[in-house]
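Chemist: To start, I am sharing the structure in question, which I have written as structure tokens.
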Amino acid sequence: MRARRISGIVRPRGWTTTALRGLLFAVLGLFCLYYLVPLIVMVSTSLKSLDEIREGTLLSLPQSVTVDAWVKAWDAACVGVRCDGLKPFMWNSIAMAVPAVLLSTALGAVNGYALTKWRFPGADWIFALMLFGAFIPFQVILLPMARTLGLLGLAGTVPGLILVHTVYGLAFTTLFFRNFFIGVSDGILQAARIDGAGFFRIFAGIVLPMSVPAIVVTVIWQFTQIWNDFLFGVAFTVGDSNPVTVALNNVVNTSTGVKEYNVDMAAAILAGLPTMLVYVVAGAWFVRGLSAGAVKG
Amino acid sequence: MASGITLSGVFKRFGATEVIKGIDLAIEPGEFVVLVGPSGCGKSTLLNLVAGLETLTSGDIRIGAQVVNDVPPRDRDIAMVFQSYALYPTKSVRQNITFGMQTRHVPRDRQEAALDEFSRLLQIDGLLDRKPGQLSGGQRQRVAMGRALVRQPEVFLFDEPLSNLDAKLRIEMRTEIKKLHQRLGKTVVYVTHDQIEAMTLASRIAVMDNGHIRQFAQPHEIYEDPVDLFVAGFMGSPPMNMLPGKLARDGTARAVAVEGNGAPPILFPLPGRLAARLDEPDGHEVVLGLRPEAIFAAGTELPGPDRFVFERTVGVVEPTGPDTMLVFAIGPVEAIARVRPGDAPDPGTAFSFEVDMTKAKLFDAASGLALGARTGGR
Amino acid sequence: MPVSSSSGFRPGQWLERRIPVLVVSPLFALSLFFVYGFILWTAYISFTRSGVMPVYDFDGLAQYERLWSTPRWYVAIRNLFVFSGLFIAISMAIGILLAILLDQRVRGEGLIRTIYLYPMALSFIVTGTVWKWILNPGLGIERLMREAGFESFRFDWLIDGDRAIYTLVIAGVWQSSGYAMALFLAGLRSVDDEVLKAAAIDGAGPWRTYTGIVLPILRPVFLSTVIILAHLAIKSFDLVVALTGGGPGYATDMPATFMYAFAFQRSELGVAAASATMMLATIVAIIVPYLYSELRQTGR
Ligand SMILES: Nc1ncnc2c1ncn2[C@@H]1O[C@H](COP(=O)(O)OP(=O)(O)O)[C@@H](O)[C@H]1O
Ligand SMILES: [Mg+2]
């Protein structure tokens with residue numbers, strides 16, 4: 001995000017200014033705490049033993065740090081009837097997210113390119129109609145999708161979920177690429193067209209290399225969305241093919257046995273880790289995706 | 001009535017980059033000072049410092065007798081017009097103009113009276129209920145002027161106010177600004193990168209380069225007696241011809257020898273008054289500065305002292321209407337002469353040029369400073 | 001009359017000119033089928049007698065009558081209004097406040113922004129899990145406050161049918177207010193610097209500059225932020241499932257969870273389809289005018 005260039009305006013000096021400045025930092029600091037405390041609580045709880053949890057409070061730090069909860073969350077926690085932790089479900093999520101992200105991004109790129117740079121009659125209408133798909137409440141397609149997956153023999157499978165995420169991610173990826181391509185001058189493409197380059201030559205040779213920022217934003221956005229999805233996962237998969245969000249919810253909301261809050265927290269961190277990592281590594285791109293999600297680029 | 005502005009030892013740094021590198025400037029009350037210089041040299045920054053929109057790194061700024069270093073913009077009794085006009089897009093023209101009076105709690109009737117007077121003066125009284133988005137560029141410019149004028153401050157600051165207008169409107173507004181200044185008599189600091197604007201408007205011009213003021217003087221002096229190569233090259237269009245050469249003798253008289261490319265050097269004889277002020281020995285490397293209008297077709301002007309005629313092949317002929325420019329090679333550079341359209345030859349033909357050497361300027365090749373200048377130094 | 005040979009049919013050229021259409025068509029067809037086809041299917045089912053299995057004979061508005069005579073649906077609707085009203089209002093208020101504060105030449109702005117925004121990278125399931133623990137009636141905030149000396153402190157909203165809906169607001173705001181902040185901050189930063197300088201010269205202090213000049217300029221940002229948050233609120237499903245599971249009882253049901261329960265747990269496809277269609281209608285009423293004006297603004 002661009003920094004404000006106008007920052008040097010001479011302001012009246014005096015104790016009110018100093019006091020206001022102090023207040024400013026106090027408020028900003030308090031909000032930092034507001035956002036950070038749940039993370040701190042999550043981490044510290046995950047490092048405590050159950051006894052310590054029962055004796056201490058949310059904010060008391062672990063006296064004897066133990067990673068048992070992490071090991072259990074990864075390897076041995078019970079998800080439904082199966083008790084080998086989140087590990088297999090993490091793999092499910094990866095096996096689902098990676099192809100779905102790549103597919104939806106690639107299709108969105110070609111689609112956005114064709115719709116903005118090779119504008120044929122009706123292109124605007126097609127875009128508007130496709131864009132609408134990004135905003136529908138997915139409840140409205142759950143029932144027919146479940147039946148369609150059944151007919152295709154993909155019900156309850158990871159490939160089925162890939163299909164779902166690709167199809168419904170397409171609206172967003174097309175939007176991202178369209179917003180990007182609108183800002184790209186037509187001049188270069190026209191020059192290439194006059195030189196006899198065709199649709200795919202121009203795409204591969206000129207458009208793709210200059211679309212790296214759009215690709216990064218789209219990949220990050222799609223990855224976050226797909227990894228964090230719960231609705232499709234819970235509606236279209238069963239047991240062994242659950243993505244990690246569904247598994248996490250099952251771990252946390254099982255009604256059998258003792259509540260192991262430390263395992264819950266460790267599992268929550270594990271499930272959130274990939275997207276958190278992406279955010280920490282590529283935060284600026286993530287923010288760009290967020291504001292691109294507000295329709296305009 | 002109007003306040004003068006005094007800058008002493010003014011520095012401004014943004015982080016590690018120093019943008020204003022020590023400026024001293026004394027602006028008289030009621031003066032119209034134009035800051036001119038290439039883009040990025042720090043003109044806007046300097047103006048913002050005067051306005052209080054940027055904080056000084058060191059030095060002092062006085063408006064009138066008061067040191068204003070720590071005075072916020074609203075208390076400096078200034079108004080400013082911006083390049084982008086900076087109108088408030090959600091406010092009507094009327095609200096735009098009166099906003100500054102509202103924040104200062106000027107009584108309603110005085111606001112109305114001032115709005116009335118200046119909107120009529122600027123011929124925007126029919127537009128008061130429109131939003132800026134519904135105005136043309138010229139109208140927006142007038143509204144921005146109105147917003148500045150209406151409070152009748154002691155000092156007006158303009159940051160390239162005309163550079164977003166088309167050429168015709170620009171000339172029109174230039175004249176209006178000059179009239180307004182004559183009528184109101186307030187101090188004006190006006191930033192532009194357009195040297196014609198600078199020449200026509202200024203009572204004094206400050207030529208800036210890279211955070212320094214190179215010369216601060218009246219327009220004719222800046223034009224006739226530039227203190228260095230930078231000022232000489234910046235002011236004037238087409239620019240001054242800069243011929244590299246060496247001090248030499250033509251018999252006993254001093255001259256500048258400009259090497260021809262392989263051809264024997266041309267000896268430009270220096271006028272006695274300039275030669276008398278020169279301390280530099282023969283062989284000293286210099287730059288001979290000749291404005292295009294100091295070179296004309298031989299024999300077309302009334303004879304005068306210190307004329308010098310030479311012959312060259314004309315490369316390109318560029319008619320501009322009132323004058324025709326002749327481009328020709330001299331030594332390692334291309335020079336431009338300004339001749340009457342009727343005297344212009346065909347390109348490629350040999351032509352006799354006459355130089356008025358009383359208008360010649362001489363600069364030290366190494367330091368760029370003017371040599372033998374009457375005023376001398378900066 | 002001889003026909004000019006240059007206008008003859010050349011398959012290569014014909015194909016070349018139609019490649020864009022040929023590329024877009026299958027994708028558009030996917031969208032037509034999976035979005036519009038499915039919507040039509042769901043809408044149609046809502047007009048049938050479908051129960052455990054879909055049946056296709058038209059049954060008029062019977063399912064809608066059933067839907068609107070189900071108390072649980074009213075709870076869901078009321079919850080949606082309460083939740084989205086509070087969620088949007090509080091997120092916007094926090095977002096504007098933080099954006100304006102961060103706009104004041106704050107050292108460490110980048111780090112602070114990163115902290116404010118990271119919850120947005122998390123799944124609502126993770127958010128729900130954490131807040132479920134923090135709000136845990138026995139061991140969470142309640143215990144913390146009692147240990148701190150407030151012996152009679154009670155905080156059991158999570159299991160209080162009348163209050164549980166507010167826990168969703170708490171967690172939802174925690175996750176999304178940073179997003180509102182980011183949108184507003186980007187908006188603030190897009191305001192022309194010279195306009196702010198003009199305001200300073202005109203003598204407006206920070207308060208007047210923001211309320212009189214900057215915030216009015218940001219009206220479009222307000223609108224799009226409200227729309228985005230409303231959209232999040234209407235679709236909220238994960239958070240409810242993870243934090244309250246719709247409970248206690250169905251006290252925190254929302255249309256999204258209602259639909260899911262009727263479709264996949266109670267196998268009343270007709271009612272589920274009717275509720276999904278109602279959700280769609282709501283979103284269409286909000287989104288379509290917005291999209292229309294946005295797309296028209298960008299000139300397409
Ligand atoms: N707020 C700022 N932060 C950092 N650098 C700045 C800032 N304002 C101006 N500069 C730099 O100072 C130099 C002078 O800028 P400016 O005064 O706007 O030049 P001019 O108006 O003469 O074109 C430029 O190199 C510009 O990049
Ligand atoms: Mg400037």
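Chemist: Taking the Cβ of C:V52 as the centre, find all other residues whose Cβ is under 12 Å away and add up their charges (Lys, Arg: +1; Asp, Glu: -1).
Modeler: Values: positive: C:R49, C:R266; negative: C:E268.
Residues near C:V52 contribute +1 overall.
Chemist: Classify region B:1-158 as rounded, prolate or oblate, taking a ≥ b ≥ c as the square roots of the eigenvalues of its Cα gyration tensor: rounded when a/c is under 1.5, otherwise prolate if a/b is larger than b/c and oblate if not.
Modeler: Details: a/c = 2.24, a/b = 1.71, b/c = 1.31.
Because a/c hits 1.5 or more and a/b exceeds b/c, region B:1-158 counts as prolate.
Chemist: Counting C-alpha atoms alone, how compact is region C:70-163: give Rg to one decimal and Dmax as a whole number, in angstrom.
Modeler: That works out to 17.6, 55 Å for Rg and Dmax.
Chemist: Specify the inter-centroid distance of region A:150-174 and region C:171-209, based on alpha-carbon positions, in whole Å.
Modeler: Cα centroid to Cα centroid, the span is 40 Å.
Chemist: Would you kindly enumerate the cysteines in the protein assembly as shown that have no other Cys beta-carbon under 4.7 Å from their beta-carbon?
Modeler: Cysteines lacking a close Cβ partner in the protein assembly as shown: A:C32, B:C41.
Chemist: So what does the Cα-only Debye profile of chain C read at q = 0.07 Å⁻¹, as log10 I(q)/I(0), no solvent term?
Modeler: Here the Debye-derived log intensity ratios amount to -0.43.
Chemist: Which of C:Y118, B:Y190 has the fewest other C-beta atoms within 10 Å, and how do the rest follow up to the most? Display every interim value, and only then the final one.
Modeler: Details: C:Y118 21, B:Y190 26.
Listed from fewest to most nearby Cβ atoms, that is C:Y118, B:Y190.
Chemist: Here's a follow-up. I want to verify the translational diffusion coefficient of the protein assembly as shown in µm²/s; compute it with Stokes-Einstein, Rh as the Kirkwood radius over Cα pairs, at 4 °C and 1.567 mPa s. Intermediate results must be reported in sequence, preceding the final value.
Modeler: On the way: Rh = 34.1 Å.
Calculated translational D: 38 µm²/s.
Chemist: How many Cβ atoms of partner chains, on average, are near each residue of A:34-41 if near means within 10 Å of its Cβ? Walk me through the intermediate numbers first.
Modeler: Details: counts 6, 12, 4, 3, 12, 5, 0, 6.
Taking the mean over all residues of the peptide, I get 6.
Chemist: Under the √(5λ) rule applied to the eigenvalues of the Cα gyration tensor, what semi-axes describe the equivalent ellipsoid of region B:3-67? Give them in Å, descending. Kindly include the intermediate steps, with their values, before the conclusion.
Modeler: Details: eigenvalues 77, 40, 17 Å².
In descending order the semi-axes read 20, 14, 9 Å.
Chemist: Convex hull volume of the Cα atoms in region A:173-297, per residue, in Å³? The partial results should precede the final answer.
Modeler: Values: hull volume 17.0 nm³, N = 125.
With only Cα atoms used, region A:173-297 gives 136 Å³ per residue.
Chemist: Looking only at other chains, what is the average number of their beta-carbon atoms within 10 angstrom of each beta-carbon in C:187-195? Numbers along the way, then the final one.
Modeler: Details: counts 2, 2, 5, 1, 3, 7, 8, 11, 8.
Per residue, the average neighbour count from other chains is 5.
Chemist: Please report B:I336, C:I134, C:I125 as a ranked list, fewest other C-beta atoms within 10 angstrom at the top and most at the bottom. Display every interim value, and only then the final one.
Modeler: On the way: B:I336 19, C:I134 23, C:I125 28.
Listing B:I336, C:I134, C:I125 from fewest to most nearby Cβ atoms yields B:I336, C:I134, C:I125.
Chemist: Quick one: Karplus J couplings for region B:322-333, per residue in order, coefficients 6.51, -1.76, 1.60, θ = phi - 60°, nearest Hz, x for Gly and Pro?
Modeler: These are the phi-based 3J(HN,Hα) values: x, 10, 10, 8, 10, 9, 8, 8, 9, x, x, 10 Hz.
Chemist: Tell me, what is a quarter of the convex hull surface for the C-alpha atoms of region A:137-214, in nm² with one decimal?
Modeler: Numbers: hull surface 29.5 nm².
For the Cα atoms of region A:137-214, the hull's average projected area reads 7.4 nm².
Chemist: Let me ask another. Using alpha carbon centroids, what distance separates region C:49-65 and region A:95-130, in Å?
Modeler: 36 Å
Chemist: Here is a follow-up. For q values of 0.21, 0.22, 0.24 Å⁻¹, compute log₁₀ I(q)/I(0) with the Debye formula on a Cα-only model of region B:306-378, without solvent.
Modeler: Rounded to two decimals, the profile gives -0.95, -0.99, -1.08.
Chemist: What number in nm² do you get for region B:241-371 if you take the convex hull of its Cα atoms and divide its surface by four?
Modeler: Average of the hull's projected areas for region B:241-371 equals 8.1 nm².
Chemist: Please report C:F258, A:F172 as a ranked list, fewest other C-beta atoms within 10 angstrom at the top and most at the bottom. Intermediate values should be presented prior to the final figure.
Modeler: Working: C:F258 30, A:F172 23.
With the sparsest Cβ surroundings first, the list reads A:F172, C:F258.
Chemist: Once a ≥ b ≥ c are taken as the square roots of the eigenvalues of the Cα gyration tensor of region C:2-161, is the result rounded (a/c under 1.5), prolate (a/b larger than b/c) or oblate (a/b not larger than b/c)?
Modeler: Details: a/c = 3.69, a/b = 1.55, b/c = 2.38.
Oblate shape, in that a/c is at least 1.5 and b/c is the bigger or equal ratio.
Chemist: Let me ask another. Can you give the convex hull volume of the alpha carbon atoms of region B:279-343 per residue, in Å³?
Modeler: Details: hull volume 7.7 nm³, N = 65.
Residue-normalised Cα hull volume stands at 119 Å³.
Chemist: A further question on this structure: What does the helix-only formula give at 222 nm for chain C: each DSSP H stretch with n ≥ 4 adding -39500 (n - 2.57), the total divided by the residues, and the result rounded to the nearest 500 deg cm²/dmol?
Modeler: Result for chain C, helices only: -20500 deg cm²/dmol.
Chemist: Return one quarter of the surface area of the convex hull spanned by the alpha-carbon atoms of chain B, equal to its mean projected area, in nm². Provide the component values of the computation, followed by the final result.
Modeler: Working: hull surface 90.9 nm².
With every direction weighted equally, the projected area is 22.7 nm².
Chemist: What residues qualify as long-range amide H neighbours of B:Q215, i.e. H under 5 Å apart, gap of 5 or more or another chain, H built at 1.01 Å from N?
Modeler: Amide H neighbours of B:Q215: B:V207.
Chemist: Then there is this: Please work out the Cα center distance from region C:96-149 to region B:130-203, rounded to the nearest Å.
Modeler: About 51 Å separates the Cα centre of region C:96-149 from the one of region B:130-203.
Chemist: What does the charge count around A:N253 come to, taking other residues whose C-beta lies under 11 Å from its C-beta (Lys +1, Arg +1, Asp -1, Glu -1)? Before the final figure, lay out the partial values.
Modeler: On the way: positive: A:K259, C:K132; negative: A:D264.
Every neighbour counted, the sum reads +1.
Chemist: If you don't mind, another one. Hey, what's the per residue convex hull volume over the C-alpha atoms of region A:15-66, in cubic angstrom? Walk me through the intermediate numbers first.
Modeler: On the way: hull volume 4.2 nm³, N = 52.
Convex hull of Cα atoms, per residue: 82 Å³.
Chemist: Taking every eigenvalue of the Cα gyration tensor of region A:87-290, multiplying by 5 and rooting it, what semi-axes result, largest first, whole Å? Intermediate values should be presented prior to the final figure.
Modeler: Numbers: eigenvalues 271, 77, 34 Å².
That gives 37, 20, 13 Å for the three semi-axes.
Chemist: Restricting everything to alpha-carbon atoms, can you work out Rg to Rh for region A:1-153 with a Kirkwood hydrodynamic radius? Present the calculation step by step, with values, prior to reporting the outcome.
Modeler: On the way: Rg = 26.4 Å, Rh = 22.8 Å.
Rounded to two decimals, Rg over Rh is 1.16.
Where a number appears in this text, it was derived from the coordinates with a stated rule and is not lab data. Since the structure is predicted, the reported quantities are computational estimates derived from the model, not experimental observations. We place every Cβ from the backbone using ideal geometry, glycine too, and count neighbours over all the protein chains shown.
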